[in-house]
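Colleague: Sharing a structure with you now.
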Amino acid sequence: MSTQPYRLGVDIGGTFTDVVLLSDDGIVRTAKVLSTPDDYARGVVDGAIAMLDVCGVAGNEIAGVVHASTVASNTVLEGLGARTALVTTKGFRDVLEMRRLRIPVLYDIQYQSPRPLVPRRLRYEVTERLGPRGEMWTELDEATVREVAEQIRHDDVEAVAIALLHSYADDAHERRVEEIVREAVGEEVYVTRSSEILPEIREYERTSTAVVNAYVGPAITRYLGSLVDRLRDAGIDAPLEVMQSSGGTLTPATARRKPAHLVESGPAAGVMACSYLGRLTGRRQLISLDMGGTTAKAAIVEDGRPARTSEYEVGAGINLSSKLVKGGGHPIKLPFIDVSEIGAGGGSIVAIDELGNVTVGPASAGSSPGPVCYGLGGESPTLTDALLALGYLNATQLGSGAITLDPARSRETLDRIVATPLRRSVEEAAYGILMLAVATMTRAVKAVTTYRGRDPRDFTLCAFGGNGPLTGVEIARSLAMRHMLVPPSPGVFSALGLLFSDTEHEVVRTLMLRDDEITAAALEAAFAEIEAETTIYLSGSAGARVRVRRFADVRYTGQAYELSVAVPPGPVDIGHLVADFVAEHVRTYGHGSADDPVDVVSIRALAAIERTSAQLYDPLAAIRTQPVYEDTRLAYFGPDVGLVETEVCSRAGLQAGERRGPLLIDEADSTCVVPPGCLARLDHYGNIEVELVV
Amino acid sequence: MSETSIDPITLEVVKNALASIADEMALVIMRSAYSPVVRDTMDYSTALCDRNGRVVAQGLTLAVQLGTFPTVMGYVLDELGPTAQPGDVYIANDPYGCGGQHLPDIYLIKPVFVAGVLEGWAATMAHHSDIGGIAPGSIAVHATEIYQEGLRIPLSKLVDAGVESTMLLRLIEANTRQPVHVLGDLRAQLAACRVGERGLTALIERYGSDAHAYMDELQRVAERMMRAELTKLPDGVHTFTDYIDGVGDEPVPIPICVRVEITGDEVLIDLEGTSPQVEASVNCPVGMVYAAAYCAIRGIVRGEIPNCEGYMVPIRINAPVGTVVNPVLPAACGARGVIGYRVYDAIMGALAPIVPDRVIAAGEGGPTLIAWGGYHDDREPFGTTEVLVGSWGARSSLDGLEGVSNPLANLGNQPVELIEADLPLRVERYGVVPDSGGAGRQRGGLAYVREYELLARKATLTFRTDRRDHPPYGLDGGEPGAPSSNVVVSNGEARELPTMPMKAFVLGRGDRFIHASAGGGGFGNPHERDPAAVLEDVLDGKVTDAAARERYGVVLSDGLVDIEATHALRAAG
């Protein structure tokens, strides 16, 4: 056994901070502590210390700490980011405000658009102009830059973003502007260049990404500084890494330079846990479904790897992973795991209008006042109340007995507000509410599957989060899927993903090569440059095995959107590259021509230090020690089956062999619902496998 | 299945499923289309129809196009419905005889069969970058009859039982200046039709014949909700006249007269008195007029009404034949949109007195269309259509928006960097115009300005703009927005061009074209605007110091509101 046999993962959520500790004999221990919104670092460190105390582990036995943080996204959502200035090309001060014009709703003439993160008064123009290939149209007028820099110094800003037209093609002007601004404002001000954070064509997306980076930069810098200090004070000196939206982790130094990469840190962790599970169990095609109290998040894992996207908006409320509904937030065009998030969770409020139309969410009762059954003052029925009324939830066991649920209160409210107006029984109404929530969540799953040309029937649904196992089978059923997997400790499964992620960084470069300019030599030279650049961002991990994967973003000449195609290591084979693109085009859009000219718009290098293979994980160890628990409850499974006396067991209750639904599998942090006819069994890794019977 | 056994929850599920299929169709077009006007501007729409051809779901696309699908589907059902077979796809763009709008807008519509039975329709339309005619882009105002506007495609089979009509595709290819764009975009529409077919098939397979009962119920729910909303409005007659500036160098205003009559749970939009059709391409085929009326009424009612045809039933429209709102052959209609947008504005104006808290003051007047076309030195054609938009009128409690598409048209803008990478054009400026929003308690959205420089030896420029002589109206004492302008600078000499010129302009290398839209109208008395809001606008350079004083009665000094001087000035004014 090594002297540092433990790795620690900490995942901050809105209400709880989840802590997982993995020892090198494969045992995982988990804990939940309350989050501390006034200073999240305190909650993280308190949780870590509590975990170490309980397990009798010393700080110096920790080999590494990986952390998922909501600080970047909360900073934007709550509008608490830095006072930020923007420097841009003469004539284009309003790029940030003109946006891309589209809005995410039809027919709403009372719409209000989000305010730009940099107000117009702090957006400055400098005289300069490059062309689309970096050609010099107008020299940089340094006198105008000095004037602007001086004004910015007087503006008392904490951050500056620099975004000039066509800087993806040549960053010389942006670099010079940065030098001059830096001279004026000093080292204390946070400065971001668009050509550093996103050297890609399309000025609005690049500007917005640079602005978000600058806007959250000071907060992230402070937060990470505080976290590192507190961990050290607590005797935990192990290297810290931070989860980024792409599912890889970053060193704190890179995270401070490029904090816009951290925005979907939390959701990414869950998908990484799922993709690890896929590799472990040999299930190559998984749909990750993480359903908590307020939202449901869906993503796909193909061949053990999550699908990615670079179309993301922070602050848009919901993210349907669809360009169609864009316009409600601030775009960040960086690698994200393609997570579709929708406002449906246990706390989603059930409402009925005067014409009898029923809706579930997106308004949420949250954890305070919470669902009616919590008895904490909640008066609106929620999905959790419906699940309790259906008999799915155990009234006394949730959260290890932390909260005792009040079924009578749920029933009374559901009856009064939903069942009676619809002339239905409470169970019928509750079941209908479940079906509505399922329909909403199904949209999130479709956004990452059918919208992308993927057939959900080729996938296994991996359901976790407190509410995933309760609703998963019905979501699978509505998409004609046959298999669902529920990992052990589904409520904290997401945090486990932190321990199975690689340190990684992606570097992208826009080339805009037209058909006849695409040569193996040109691509190989460009790949060599960006591969070298990736290692800068992996510093601090010297000596580790770095693996670089290469991608090319290709489109037919004339299209505006590219498809990303993997480029195998070694010499570049253009014929292969084009054939792979055509195949992907056919798969995504149903057509594609091998003869039409193509463009290579950008190339990407994704460098990773892989650690996943080194880690053992043996969840069965914990299950073997669990007491077997058996019980029965009345539960309702739709109008065809009705209310039936249903067997209830713990996960350990599946050790003896496969069981047939109706069955409810109670756990400390969730219940897995196995409807009539479905089969449930444990796999070799302690996961519950549910097979849907058609 | 009877109406009484409808389960409200399944209904909601079916509604969401249909909407997500229509959205999926729209995504496929955006991602695989070729022309900037489709892929970036997103000037296209998608819908699903039930087996009776009624629109039952709309993609998150253009409200004003979505409202035209019922018109075109009427022709499709009459002519081809009885003979439809699996694997067919129909094509049409002709305003005369099949419900088309203007020739660049091509509809592709696919009947969906499940187990050999017609179960519904997947419908798409897209604005193509060129369909021939007298000027690149096929939107020239100066066309005086439709025969000058390009290729008319009557309702035809583009795909017949799975077999593509090579003949028809070649005919289209031969009649456009942009064959790569047009054929690529048609492929994208075909792909979207297949996605619609796949989605609808899955839905029918899942719900069987109940699916139709639920689709029918969606129509009834939409109609019921619309009727319930209309009932809440007081009965009465309200009129409003708005204008488009008119065409050519000496424009004669073209009136759009609206009479809104609310009776019980129905509303009549009567356009009697509107100008006869004109010899220019601003005549608006009636489908878009219907669409504008549906959008206006839809915009002022409340509730989550399903996006299906049912809500249109209680809205009746009278558009007299032979006028600019219901033209007949041989009227040209390439630039017809401006009439449609004005119909919407006029209806809003008529409704303002009865629902002041729900209407919107006039915005920029609808999209400006700008078409560039020419040939590189090697005779390769270049060309693009830009659709510029983005200034809302004020609302009773909200300022007008800038940087947001027109409420009728959820369009995007084309990235400057992509334009410059693809075309011999340089964009010199794109942003808002200070002081252009109509003053009011709520300020109108600022106008936008876009300035281009031509880098090629020469190019043809056509455009359709409006709202110079008749700027966007304000409401309840709010001022109108600033008028639009079009300027060409050639050899250092600037000249103002008409809003709807009766000719194409030929520009040379180094010439610049500058279009500023109109600003949105204001809402309420400008002297009632919160001085702090005026100060914010001044700090942001959206309103000048002088305008703060002259139009809002707000006196600023040292970056603060001078409260006493402001009181005095407002009391005096």
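Colleague: Can you give the FRET efficiency for A:MET512 and A:ARG587, using 1/(1 + (r/R0)^6), R0 = 30 Å, r = Cβ-Cβ distance, to the nearest 0.05?
Modeller: Using R0 = 30 Å, I get an efficiency of 0.75.
Colleague: Counting pairs of alpha carbon atoms under 8 Å apart in space and at least six apart in sequence, what relative contact order in percent does chain A give?
Modeller: Taking the mean separation of contacting Cα pairs over the length of chain A, I get 12 percent.
Colleague: Could I ask something else about it? Taking all protein chains as present, what is the carbon and sulfur share of the accessible area of the protein assembly as shown, in % to the nearest whole number, probe 1.4 Å?
Modeller: Working: 21550 of 42410 Å².
The C+S portion of the solvent-accessible surface of the protein assembly as shown is 51 percent.
Colleague: How much space per residue, in cubic angstrom, does the convex hull of the C-alpha atoms of segment A:328-441 take up?
Modeller: Considering the Cα atoms of segment A:328-441, their hull volume per residue is 135 Å³.
Colleague: So how much slack lies between B:VAL313 and B:GLU250, counting 0.36 nm per residue of separation and subtracting their Cα-Cα distance, in nm?
Modeller: 18.6 nm
Colleague: Using Cα pairs under 8 angstrom and six or more residues apart, how large is the relative contact order of segment B:144-293, in percent? Display every interim value, and only then the final one.
Modeller: On the way: 117 pairs, mean separation 25.4, N = 150.
For segment B:144-293, the relative contact order is 17 percent.
Colleague: Averaged per residue, what accessible surface does segment A:71-212 expose to a 1.4 Å probe, in Å²?
Modeller: Numbers: 5140 Å² over 142 residues.
So segment A:71-212 comes to 36 Å² accessible per residue, rounded to a whole number.
Colleague: What length, rounded to one decimal in nm, is gained on full extension from B:ALA174 through to B:ILE563, with 0.36 nm per residue of separation minus their alpha-carbon distance? Don't skip to the answer; put the middle values down first.
Modeller: Numbers: separation 389, 0.36 × 389 = 140.04 nm, distance 6.82 nm.
Net length gain for the segment: 133.2 nm.
Colleague: How high is the FRET efficiency between A:LEU355 and A:SER425 when r is their beta carbon distance and R₀ equals 25 Å, given to the nearest 0.05?
Modeller: Efficiency computed from Cβ-Cβ geometry: 0.70.
Colleague: Give me the one-decimal Kirkwood hydrodynamic radius in Å for chain B, with the sum taken over alpha-carbon pairs. If you can, show how the numbers build up before the last one.
Modeller: Values: mean 1/r = 0.0410 Å⁻¹.
So the Kirkwood estimate lands at 24.4 Å.
Colleague: Kirkwood hydrodynamic radius for segment B:355-441: how many Å is it when counted over pairs of different Cα atoms?
Modeller: Numbers: mean 1/r = 0.0655 Å⁻¹.
Evaluated over segment B:355-441, this radius sits at 15.3 Å.
Colleague: Translational diffusion coefficient of segment A:558-683 at 20 °C, 1.002 mPa s, Stokes-Einstein with Kirkwood Rh over Cα pairs, in µm²/s as a whole number.
Modeller: Estimated diffusion coefficient is 106 µm²/s.
Colleague: Moving on. Figure the gain on full extension for A:ARG175 and A:GLU187 (residue separation times 0.36 nm, minus the Cα-Cα span) and round it to one decimal in nm.
Modeller: Numbers: separation 12, 0.36 × 12 = 4.32 nm, distance 1.55 nm.
Gain on stretching A:ARG175 to A:GLU187: 2.8 nm.
Colleague: What translational D, rounded to a whole number of µm²/s, comes out for segment B:459-500 from Stokes-Einstein when the hydrodynamic radius is the Kirkwood one over Cα pairs, at 10 °C and 1.306 mPa s? Provide the component values of the computation, followed by the final result.
Modeller: Working: Rh = 12.2 Å.
D = 130 µm²/s.
Colleague: While we're looking at this one, here's another question. Give me the summed buried accessible area for the A-B pair, 1.4 Å probe, to the nearest 100 Å².
Modeller: The A and B chains share an interface burying roughly 7000 Å².
Colleague: Tell me the volume per residue, in Å³, of the convex hull enclosing the alpha carbons of segment A:480-584.
Modeller: 190 Å³
Colleague: Can I ask one more? Expressed as a fraction of 2.2 N^0.38 Å, the rule-of-thumb size for a compact globular protein of N residues, what is the C-alpha radius of gyration of segment A:32-137?
Modeller: Normalised Cα radius of gyration, segment A:32-137: 1.77.
Colleague: Follow-up. How much FRET efficiency would the formula 1/(1 + (r/R0)^6) give for B:ASP422 and A:ALA50, where r is the Cβ-Cβ distance and R0 is 45 Å, rounded to 0.05?
Modeller: The value I calculate is 0.15.
Colleague: Can you list the lysines whose alpha carbon is less than 19 Å from that of B:LYS542, not counting same-chain residues fewer than 8 positions off?
Modeller: A:LYS90
Colleague: Need one value: the accessible area of B:TRP372 in square angstrom, 1.4 angstrom probe, rounded to the nearest 10.
Modeller: Number for this one is 10 Å².
Colleague: For segment B:278-317, treating each Cα as an identical point scatterer without solvent, what Debye log10 I(q)/I(0) comes out at q = 0.18, 0.22 1/Å?
Modeller: These q points yield log10 I(q)/I(0) values of -0.56, -0.74.
Colleague: Taking the radius of gyration and the Kirkwood hydrodynamic radius from Cα positions alone, what is the Rg/Rh ratio for segment A:1-89, to two decimal places? Please list the in-between numbers first.
Modeller: Values: Rg = 16.6 Å, Rh = 14.6 Å.
Here the Rg-to-Rh quotient is 1.14.
Colleague: Further, regarding this structure: Calculate, axis by axis, the spread of Cα positions in segment A:141-218 along the three principal axes, and write the results as whole Å, longest axis first.
Modeller: Per principal axis, max minus min of the Cα coordinates gives 32, 29, 17 Å.
Colleague: Still on this structure, I have one more. What span do the alpha-carbon atoms of segment B:72-189 cover on each of the three principal axes, reported in whole Å from largest to smallest?
Modeller: 49, 27, 19
Colleague: Using DSSP to call loops (not H, G, I, E or B), can you name the trypsin sites (Lys or Arg not before Pro) in segment B:500-553 whose Cβ has at most 12 other Cβ atoms within 10 angstrom?
Modeller: Listed in order of number, the matching sites are B:ARG509.
Colleague: While we're here: To two decimal places, what compactness ratio does chain A give when its Cα radius of gyration is scaled by 2.2 N^0.38 Å?
Modeller: Computed over Cα atoms of chain A, the ratio equals 0.98.
Colleague: Still on this structure, please answer the following. With every protein chain kept in place and ligands, DNA and RNA left out, what is the accessible area per residue of segment B:218-299? Probe 1.4 Å, answer in Å².
Modeller: Values: 2970 Å² over 82 residues.
Heavy-atom accessible area per residue stands at 36 Å².
Colleague: Here is a follow-up. Kirkwood Rh over alpha-carbon pairs of segment B:451-564, then Stokes-Einstein at 25 °C and 0.890 mPa s: what D in µm² s⁻¹, rounded to an integer?
Modeller: After rounding, the answer is 148 µm²/s.
Colleague: Let me ask something else. Mind ranking A:209-217, B:144-152 by how tightly packed they are, going by the mean number of other C-beta atoms within 10 angstrom, highest first?
Modeller: Details: A:209-217: 29.4, B:144-152: 19.4.
In descending order of packing, they fall as A:209-217, B:144-152.
Colleague: Using only the Cα atoms of segment B:416-468, what semi-axes does the equivalent ellipsoid have when each is the square root of 5 times a gyration tensor eigenvalue? Give whole Å, largest first.
Modeller: Equivalent ellipsoid semi-axes, largest first: 30, 14, 8 Å.
Colleague: Same structure, new question: Calculate the spin-label point distance for B:VAL163 paired with A:GLU139, positioning each point 7 Å from the Cα along the beta-carbon direction, and give it in nanometres.
Modeller: Label-label distance for A:GLU139 and B:VAL163, simple model: 6.8 nm.
Colleague: Which semi-axes, in whole Å and largest first, does the equivalent ellipsoid of segment A:462-521 have when worked out from the alpha carbon gyration tensor as the square roots of 5 times its eigenvalues?
Modeller: Ellipsoid half-lengths, sorted descending, are 41, 20, 9 Å.
Colleague: What is the log10 of I(q)/I(0) for segment A:183-295, computed with the Debye formula using one identical point scatterer on each Cα and no solvent, at q = 0.13, 0.14 Å⁻¹?
Modeller: Treating every Cα as an identical point scatterer, log10 I(q)/I(0) equals -0.68, -0.76.
Colleague: Keeping all protein chains in position, work out how much accessible area B:LEU108 exposes to a 1.4 Å probe, and write it in Å² to the nearest 10.
Modeller: Accessible surface of B:LEU108 is approximately 0 Å².
Colleague: Please report the orientation-averaged projected area of the protein assembly as shown, defined via the convex hull of its C-alpha atoms, in nm². Intermediate values should be presented prior to the final figure.
Modeller: On the way: hull surface 186.8 nm².
The orientation-averaged projected area of the Cα hull of the protein assembly as shown comes to 46.7 nm².
Colleague: Give me the Kirkwood hydrodynamic radius of segment B:166-295, using the inverse of the mean 1/r over all pairs of distinct Cα atoms, in Å to one decimal.
Modeller: By the Kirkwood definition, the hydrodynamic radius is 19.9 Å.
Colleague: Tell me, rounded to the nearest percent, the portion of alpha carbon pairs in segment B:1-128 spaced more than 23 Å apart.
Modeller: When every Cα pair of segment B:1-128 is considered, 33 percent fall beyond 23 Å.
Colleague: Sticking with this structure for a sec: What do the square roots of 5 times the Cα gyration tensor eigenvalues come to for segment A:182-225, in whole Å, largest first, as semi-axes of the equivalent ellipsoid?
Modeller: 21, 14, 7
The values are calculated or read from the model by the stated rules, or taken from the named source; none is laboratory data. Computed from a prediction, not measured in an experiment: that's the story for all the values here. Backbone-built Cβ (ideal geometry, glycine too); neighbour counts: all protein chains shown. Protein only, heavy atoms only, side chains kept; ligands, DNA and RNA dropped before computing areas. Shrake-Rupley method; radii C 1.70, N 1.55, O 1.52, S 1.80 Å.
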